[in-house]
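Novice: Provided herewith is a single structure, encoded as structure tokens, for subsequent inquiry.
Nothing in this text is a laboratory measurement; each read-out follows from the coordinates by a stated rule. Values in this document were obtained by computation on a predicted structure and should not be read as measured data. Heads up, the Cβs are rebuilt from the backbone with ideal geometry, glycines too, and the neighbour counts pull from every protein chain shown.
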Amino acid sequence: MRLLRRNRRRPRSVHKMGRYHAVFLDKDGTLIEDVPYNVDPHKIRLMPGVALGLRALQDAGYRLIVVSNQSGVARGYFAETSLRAVFQRLQQLLAATGVTLSDFYYCPHHPEGTVERYALGCHCRKPQPALILRAARDHDVDLSRSWFVGDILDDAEAGHRAGCRTILVDVGSETEWLDGSQRRPDYIAHNFAEAARAILAHHFSSSNGG
């Protein structure tokens, strides 16, 4: 399996219902402490409750897929190749707790970037849903049975536009609170552990016909 992917194509719709369910995960501020534009593996720290929450979701059969905006590439703060070490460190930290991420998708673009090849509007930067749609195709995911968990409303919008349920982990990252029908998360959690419990409660209720 090739890990660490960015979108190179215009989005296509998902034409069939996938076999699997997934939790799509924002990275900075959701899985790991938000150190702006950090690509130093030694500075990567898991957020509280992430390891146990991901393990519980994995045990319930969810595929765990990271979807992240990485505008630091477009802004010239770090090379795109630097992201591989970040993902490898994240995998290493989670592997110690028995968790395996299925994949890592990222958008390196930003319309105000300083690196010409990345300085553009695109379909893969959240709140656009292209990376989620691509991940669903790559991993045979049924989006209607899947979730997006993130720490800002752009994550909620991207998830809803892709057809997922969404959870906002409100740790103070969202500062604008711009309203919109697709920007309203299905659930607001105070930490990742609470988000995982909400997903599992819905999962087991649905499985039991509730």
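Novice: Write out the GluC sites (Glu not before Pro) in region 153-210 meeting two conditions: DSSP loop, and at most 11 other Cβ atoms within 10 Å of their Cβ.
Specialist: On the way: sites: GLU157, GLU174, GLU176, GLU194; in loops: GLU174, GLU176.
Sparse-neighbourhood loop GluC sites (Glu not before Pro): GLU176.
Novice: Give the range of the longest stretch in the chain that excludes all chymotrypsin sites (Phe, Trp or Tyr not before Pro) found in loop regions by DSSP and having at most 15 other beta-carbon atoms within 10 Å.
Specialist: Values: sites that count: TYR37, TRP177.
The reported range is 38-176.
Novice: If you average 1/r over every pair of different alpha-carbon atoms in region 99-176 and take one over that average, what Kirkwood value in Å do you get? It would help to have the intermediate numbers written out before the result.
Specialist: Numbers: mean 1/r = 0.0739 Å⁻¹.
That comes to 13.5 Å for region 99-176.
Novice: Largest first and to the nearest Å, give the Cα extent of the chain along each principal axis.
Specialist: That gives 52, 37, 37 Å along the principal axes, largest extent first.
Novice: HN-Hα J couplings of region 81-90 from phi, Karplus 6.51/-1.76/1.60, θ = phi - 60°, integer Hz, Gly and Pro as x?
Specialist: Per residue, the Karplus-derived 3J(HN,Hα) values read 5, 5, 5, 4, 5, 5, 5, 4, 5, 4 Hz.
Novice: Something else about it: Taking N as the number of residues in region 37-148, what value does Rg over Cα atoms divided by 2.2 N^0.38 Å take?
Specialist: Details: Rg = 15.1 Å, N = 112, 2.2 N^0.38 = 13.2 Å.
It is 1.14.
Novice: Among all cysteines in the chain, which have no other cysteine Cβ under 4.7 Å from their own Cβ?
Specialist: Those would be CYS122, CYS164, since no other cysteine Cβ in the chain comes under 4.7 Å of theirs.
Novice: Cβ under 12 Å from LYS43's Cβ, LYS43 left aside: what net charge do those residues give with Lys, Arg +1 and Asp, Glu -1?
Specialist: Around LYS43, the charge tally is -2.
Novice: So what is the 222 nm mean residue ellipticity for the chain from helices alone, if each DSSP H run of at least 4 adds -39500 (n - 2.57) and you divide by all residues, rounding to the nearest 500 deg cm²/dmol? Intermediate results must be reported in sequence, preceding the final value.
Specialist: On the way: 5 runs with 59 residues, N = 210.
Calculated at 222 nm, the ellipticity per residue is -8500 deg cm²/dmol.
Novice: Give me the net charge of SER146's neighbourhood, meaning all other residues with Cβ under 9 Å from the Cβ of SER146; Lys, Arg count +1, Asp, Glu -1. Numbers along the way, then the final one.
Specialist: Details: positive: ARG63, ARG145, ARG165; negative: ASP142.
Cβ neighbours under 9 Å give a net charge of +2.
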